[in-house]
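Undergrad: Pasting in a structure now, in structure tokens, and then I'll have a few things to ask.
All of the numbers you see were taken from the coordinates with simple rules; none came from a lab. Remember, predicted model here, so these are calculated numbers, not experimental data. Reconstructed Cβ throughout: ideal geometry from the backbone, glycine too, with neighbour counts over all protein chains shown.
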Amino acid sequence: MYPIRCFGNYEISQPQSTNIKFKLPTRLSKDLLAFLIVNLDRTVSRDELMSCLLPKRTDARAVNLLHVNLYKLRRFLEQNRHILGDAAINECYRLRLPGGVCDLADYTRFVRNQIKLSEKTIKEAEFYAALWRGSCFAPENYPWSDDLQTELEVAQENLLLRIANYRWQQDEPRQSEAALKSLIQLNPLSEDGHCNLLDQYLQRQERRKYIREFEEYQKIMREELDINVDGHYQKAYQQLIYS
């Protein structure tokens, strides 16, 4: 379990017991840590921090407030090395996070590396895909995390599809099906998710599952996009209904 968790609820907790929470010194220090996680491995300027975390405030008192909270955050990281390792912020406002400390940091690094799936990497890929427990920083609604959120949603869809395809090629249909269902749960309009699932049910001759999945997909497409599912799947559905 990661001590810093950003998917879904944004919180810091004891790895061995999520019931033991660690409260950051101030609200601003909490926002500051989130901002630096979003911009991990990148040097940010003081002006950027000010405009995102203290918008419309450029006076000396606001700058001092930022520096005070930065000091408090650094102290917090130092005092909690037993769970956060050597996490630290340097003089250029750059955050260093070791692996195994933050779910979002490790997940982002993994998906950006685009590792080829194989017998050696599939378990790792499934581990990272399972970290997704909702939008990052969801309750906080940070506008400056929107671009990363959009990037990661696309990455998660792609990762789940790759896992599904790999498991299918390895003749592991149940694992493939589970990945596709996770993809559809993430994006109910995913054409890749629905069509791959329908194709699998056809090939496995799972009549009831095909009918149920087709009807759900058809309903979503009509309600959201006012279009019908591709004719190939329509024809297969009609044949199965009357068989």
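Undergrad: I'd like the full set of residues that are within 16 Å of residue 221 (Cβ to Cβ) and surrounded by fewer than 16 Cβ atoms within 10 Å (Cβ to Cβ), limited to the range 158-199.
TA: Answer for the range 158-199, where residues must be within 16 Å of residue 221 (Cβ to Cβ) and surrounded by fewer than 16 Cβ atoms within 10 Å (Cβ to Cβ): 188, 189, 191.
Undergrad: Now for a separate question. Search the range 78-96 for residues being closer than 13 Å to residue 13 by Cα and in contact (Cβ under 8 Å) with a residue 40 or more places away in the chain, and hand back the single one that is surrounded by the fewest Cβ atoms within 10 Å (Cβ to Cβ).
TA: Step by step, filter the range 78-96, then rank; the result is 80.
Undergrad: How do the helices (runs of 4 or more DSSP H) wholly within the range 29-84 filter down when requiring 3 or more residues that are over 27 Å from residue 112 (Cβ atoms) and among the polar types (S, T, N, Q): which remain?
TA: In the range 29-84, the matching helices (runs of 4 or more DSSP H) lie at 60-79.
Undergrad: (1) buried (at least 19 other Cβ atoms within 10 Å of the Cβ); (2) over 20 Å from residue 23 (Cα atoms): which one isn't true of residue 59, the others all being true?
TA: (1)
Undergrad: Same structure again: Among (1) over 29 Å from residue 112 (Cβ atoms); (2) within 20 Å of the chain's Cα centre (by Cα), there is one condition residue 220 misses while meeting the rest; what is its number?
TA: Going through the list (1) over 29 Å from residue 112 (Cβ atoms); (2) within 20 Å of the chain's Cα centre (by Cα), residue 220 breaks only (2).
Undergrad: Here's another thing I want to ask about it. Taking the range 1-25 only, how many residues are surrounded by 12 or more Cβ atoms within 10 Å (Cβ to Cβ), out of contact with any Lys or Arg (no Cβ under 6 Å at 6 or more places or on another chain) and in a loop (DSSP other than H, G, I, E, B)?
TA: 7
Undergrad: Of the residues 125, 138, which is assigned to a loop (DSSP other than H, G, I, E, B) and aliphatic (A, V, I, L, M)?
TA: Exactly one residue qualifies, and that residue is 138.
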